[in-house]
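Below is one structure, written out as structure tokens, with a few remarks after it.
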Amino acid sequence: MHSLADSYLRFEIQNDADLIETVAEHIQGMLRCLPLRDESERLRVVLAVKHAMLNGLYHGNLALPCDVEDLRTPEVASLIQERLTTAPYADRILVIESKISPREAFFIVRHEGPAFPMAAGEQEFAGPTCTRHFTRGIVLMQSIMDEIQILEDGHAVSMVKRPSMDQEIVFED
């Protein structure tokens, strides 16, 4: 992967958290061409992309309210299972695009559900009802990635990660 000059990937996946994990693992391998500090930095980038995909799945395609605190409560788990088999939720897909090179990693995660809540005219997630589960992923993405933008009126997020030129670069096999 250290010889990779440029890679473009586009995934269109059903509403399945296992598929998100598989895509994340593939992205992690592709990120080996991007000179980052170490493997833990690569894992952090993958974690940010995974949170974007999970937010797109649960709060986008499955339209769970952003005030959901815990996806594992019986009520929320039941609602998720119901929506995974009920139109229009079950018919929606998650699109993940990535362009990865030694210069930068660029990602777009797009969902087909309702738009994420944002402050009017802003590119930031907002709203007093957005609580820990929803915002944790957003804060994580912002802390890891060099750039993050909300696109398509809240239906997509783009993220960019670049190598730092002032750090020791370690390529791990």
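With the simple model of a label 7 Å out from the Cα in the direction of the Cβ, Leu4 to Asp146 spans 1.7 nm.
Rounded, prolate or oblate: pick one for region 6-46, where a ≥ b ≥ c are the square roots of the eigenvalues of its C-alpha gyration tensor, a/c under 1.5 means rounded, and failing that, prolate if a/b is larger than b/c, else oblate. Oblate, since a/c reaches 1.5 and b/c is not below a/b. The 3J(HN,Hα) values that the Karplus relation (6.51, -1.76, 1.60; θ = phi - 60°) gives for region 152-161 are, in residue order, 6, 6, x, 9, 8, 10, 10, 9, 10, 10 Hz. Gly and Pro appear as x. Site pair Glu97 and Glu112 shows an inter-label distance of 1.7 nm when each label is modelled 7 Å from Cα along Cα→Cβ. Each peptide in 144-152, 25-33, 83-91 was scored by the mean count of other Cβ atoms within 10 Å over its residues; highest first, the order is 25-33, 144-152, 83-91.
Under 5 Å between amide hydrogens, built in the peptide plane, is the criterion, and for Leu151 it picks out Ala156, Val157, Ser158 among residues at least 5 positions away or on other chains.
Expected output is a single nm value to one decimal: the length gained when fully extending between Thr85 and Val139, i.e. 0.36 nm times separation in residues minus the C-alpha distance. What is it?
Numbers: separation 54, 0.36 × 54 = 19.44 nm, distance 3.05 nm.
Using 0.36 nm per residue and subtracting the Cα-Cα distance, I get 16.4 nm.
Could you tell me which of rounded, prolate or oblate describes region 1-100, using a ≥ b ≥ c as the square roots of the eigenvalues of the alpha-carbon gyration tensor, with rounded for a/c under 1.5 and, failing that, prolate when a/b is larger than b/c and oblate otherwise? Cα axes put region 1-100 in the prolate bin.
All of the numbers you see were taken from the coordinates with simple rules; none came from a lab. Bear in mind that the values here come from a model prediction, so they are computed numbers and not experimental data. Cβ coordinates were reconstructed from backbone atoms using ideal geometry, including for glycine residues, and neighbour counts include every protein chain displayed.
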